[in-house]
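Chemist: The structure that follows is given in the form of structure tokens.
The values are calculated or read from the model by the stated rules, or taken from the named source; none is laboratory data. Keep in mind that what you see is a predicted model, and the values were worked out from it rather than measured. A quick note on method: Cβ atoms are made from the backbone with ideal geometry, for glycine too, and the neighbour counts reach across all protein chains shown. Note: accessible area is taken over every heavy atom of the protein model, side chains too, but ligands, DNA and RNA are not part of it. Shrake-Rupley method; radii C 1.70, N 1.55, O 1.52, S 1.80 Å.
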Amino acid sequence: MNLLKNVKGDIFGGITAGIVALPLALAFGIQAFGGVPNASSIGALAGLVGAALLGFFASLFGGTHSQISGPTGPMTVITASLVSGAWASSSGSVSSVLITMSLAGLFCGVFQILFGIIKIGKYVRYIPYPVLSGFMSGIGIIIILQQIYPLLGLHSPVLVVDMVMKFPEIVSEGPSYTALLLGLGTIIIIKLFPFLTKKVPSTLVALVVMTLVSLLFRMDESLLIGAIPAGLPMPFFAKEGISLAGLDWANMLKAAVIPGLTLAGLGSIDTLLTSVVADNITKTKHNSNKELVGQGIGNMVSGLFCGIAGAGATMRTVVNVKSGGRTQLSGMVHSIFLIAVLLGLSSLVKFVPLSVLAGILITVGWGIIDFKGLKDLLKIPRADAFVLIVVLAMTVFVDLLTAVGIGMIIACVLFMKRAGDLVEGGYSSSEMTNFDKESPWSDEGGVPENIKHKIYIQRLNGPIFFGSITKFQEVMHDVPKDAKVVIIRMRLVSFMDQSGLYAMETAIKDLQESGVMVLMTIIQPQPLYMLNEMKLIPELVPEEHTFKTFEDCTEFLKTLDI
């Protein structure tokens, strides 16, 4: 795509995304350094630098035209754990903490570049929905738990268990009711302001308004971000305030490798999922492996300059696209805006209360929780529900990488059992689903000739599950624009899991929003049961639009005036 083809839209989209990114970069940076006493200003700077440098280089070298990259919830949770561990193991050396974080960012970038080179991006499609749902909901819960303490003007413990168990003890020390009111006011503005207008980001409005209000209270400086150094960021080996003498480099390298790999894995998943969202909105197709290389270069540069690692950010990407951004130029404009803030407005950032940023992050955490998946726990297959709950619990109380790994193992074992049960029960079940758009089945000869060109038949052959939904989504996007009726043939679909159900729901809704009538034929018992449980039938597809035979569907077609 020509970078200069959409200059006006890209500039406006990039600036708008930068405005949205500003409070989030500050908030995520401070969250990352939550385990280091009196390090709010260091964290805020790390968040801004990470957002600016990652955003620029990931856009320049990446493979998703309109993606905006920067600090995200999952990445920040990992970085916060790394920073807390480095602080404890170095007996409180800020230099050691910053260098360990920088090394982890460098390793993250190297691993992501390797992922791109060996073309690992295509395997993200095999992550089941329950694993992603439990993981994201767990991340949301962790963010909310962490931010309850600064919301009250208190210092948060590092471990989630301590956040829960020590809450009465820490709160008894005396919360700041001023901080609480400012934080609650922030949440209220973020939730209610969009009802007035969506042209101005509600997070920025909340940040500015509640910071101005806080000036009236003359808050204790310990409850504010504090001064952020102005000027261009410097590499960690030339950064003022960092001493390289006497550091335990061997231990720092060892401490940074595994977190770097974890950041690379989670960042890759987060980024490629956002790339899919961008594709769906812009009707384009990203290059997964090129995107991973771009993210790797961005995280390496960010780490080199003491910025926190990040990934493709869904909300900022959507804002960019909705505001006109269509090419990589928009992501670079977003970064230039943040650098300009760093150069010119850093002296004003020191007045922002920590509780205001806590309020912003609580709304972010709330938005990350997959309430749809949790709401459907009693409707989806019990195996999927079990996986979701296990991954959520392990994400919150163990660690993120273990949670995803265990979730994938359980999901694969359960799927193999399901496939075995289907074969034993007499159904044909292939490892991957085939989507046949060209070869008519033997019973399709009765379709009326006068409307045949307005009918699109999608033939499905095999289970619709987490391993096949990417291909399913691709073929459903290929429906001709002049089609008036889409017939989804389900005769050979013996099984649907939660990933398949949600993919089917999205595809049907997209078709119906385009004015297309959706018909379904010969639905097997398990998919029919799940479609009824999820209310896709009859609320989305009326029962009179489902047929036991294709011949019945053909007779219905003859009654249509299309």
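Chemist: So which of Asp376, Asp370 ends up being under 18 Å from the mean Cα position of the chain (by Cα) and touching a residue at least 60 places away in the same chain (Cβ under 8 Å)? Give the steps one after another, and end with the answer.
Modeler: Working: Asp376 fails: under 18 Å from the mean Cα position of the chain (by Cα).
Going through Asp376, Asp370 in turn, just one is under 18 Å from the mean Cα position of the chain (by Cα) and touching a residue at least 60 places away in the same chain (Cβ under 8 Å): Asp370.
Chemist: Right, next: Taking Ala58 as meeting all but one of (1) over 18 Å from the mean Cα position of the chain (by Cα); (2) modelled with pLDDT of 95 or more; (3) over 21 Å from Leu345 (Cβ atoms), write down the number of the exception.
Modeler: Ala58 satisfies every listed condition except (1).
Chemist: Also, I was wondering about something else. May I ask you to list the residues in the stretch 278-328 that are open to solvent by 10 Å² or more (accessible area, probe 1.4 Å), touching a Ser or Thr at 6+ places or on another chain (Cβ under 9 Å) and on the phi > 0 side of the Ramachandran plot?
Modeler: The answer is Gly324, and nothing else.
Chemist: Identify the single condition in (1) over 20 Å from Thr16 (Cα atoms); (2) β-branched (Val, Ile, Thr); (3) open to solvent by 70 Å² or more (accessible area, probe 1.4 Å) that Val208 does not satisfy, given that it satisfies every other one.
Modeler: Of everything listed in (1) over 20 Å from Thr16 (Cα atoms); (2) β-branched (Val, Ile, Thr); (3) open to solvent by 70 Å² or more (accessible area, probe 1.4 Å), Val208 misses just condition (1).
Chemist: When the stretch 395-409 is examined, which residues are found to be assigned to a helix (DSSP H, G or I), touching a helix residue (DSSP H, G or I) at 6+ places or on another chain (Cβ under 8 Å) and open to solvent by 40 Å² or more (accessible area, probe 1.4 Å)? It would help to see each step written out before you state the result.
Modeler: To start, the set of residues in the stretch 395-409 that are assigned to a helix (DSSP H, G or I) comprises 395-397, 400-409.
Remaining after also requiring touching a helix residue (DSSP H, G or I) at 6+ places or on another chain (Cβ under 8 Å): 395-397, 400-404, 406-408.
Selection gives Phe397, Leu401, Thr402, Ile406, Met408.
Chemist: Anything in the stretch 363-385 that is under 19 Å from Ile464 (Cα atoms) and outside any loop (DSSP other than H, G, I, E, B)? List them, or say none.
Modeler: Gly373, Arg382, Ala383, Asp384, Ala385
Chemist: Moving on to the next point. How do the helices (runs of 4 or more DSSP H) wholly within the stretch 37-137 filter down when requiring 3 or more residues that are farther than 30 Å from Gln328 by Cβ and polar (S, T, N, Q): which remain? Talk me through it step by step, then tell me what you get.
Modeler: Details: elements: 40-61, 73-89, 94-117.
In the stretch 37-137, 73-89, 94-117 are the helices (runs of 4 or more DSSP H) which contain 3 or more residues that are farther than 30 Å from Gln328 by Cβ and polar (S, T, N, Q).
Chemist: Check every one of the helices (runs of 4 or more DSSP H) wholly within the stretch 146-225 and list those with 2 or more residues that are modelled with pLDDT under 90 and out of contact with any Pro (no Cβ under 6 Å at 6 or more places or on another chain).
Modeler: Details: elements: 160-165, 167-171, 177-192, 202-217.
Fully inside the stretch 146-225 and qualifying: 160-165, 167-171, 202-217.
Chemist: Filter the stretch 1-35 down to residues that are modelled with pLDDT of 85 or more, open to solvent by 10 Å² or more (accessible area, probe 1.4 Å) and aliphatic (A, V, I, L, M), then give me how many there are.
Modeler: 5
Chemist: Which of the following residues is over 24 Å from Leu82 (Cα atoms) and either surrounded by 15 or more Cβ atoms within 10 Å (Cβ to Cβ) or modelled with pLDDT under 90 (or both): Ser275, Ser268? Walk me through how you get there before you give the answer.
Modeler: Numbers: Ser268 fails: over 24 Å from Leu82 (Cα atoms).
Only one candidate qualifies: Ser275.
Chemist: All but one of (1) out of contact with any helix residue (DSSP H, G or I) (no Cβ under 9 Å at 6 or more places or on another chain); (2) free of Cβ contacts under 8 Å to residues at least 24 places away in the same chain hold for Ile537; state the number of the condition that does not hold.
Modeler: With (1) out of contact with any helix residue (DSSP H, G or I) (no Cβ under 9 Å at 6 or more places or on another chain); (2) free of Cβ contacts under 8 Å to residues at least 24 places away in the same chain applied to Ile537, the lone miss is (1).
Chemist: Name the one entry in Ala255, Ala227, Ala238, Ala250 that is open to solvent by 30 Å² or more (accessible area, probe 1.4 Å), of a type outside the set (D, E, K, R) and touching a Lys or Arg at 6+ places or on another chain (Cβ under 9 Å).
Modeler: Only one candidate qualifies: Ala227.
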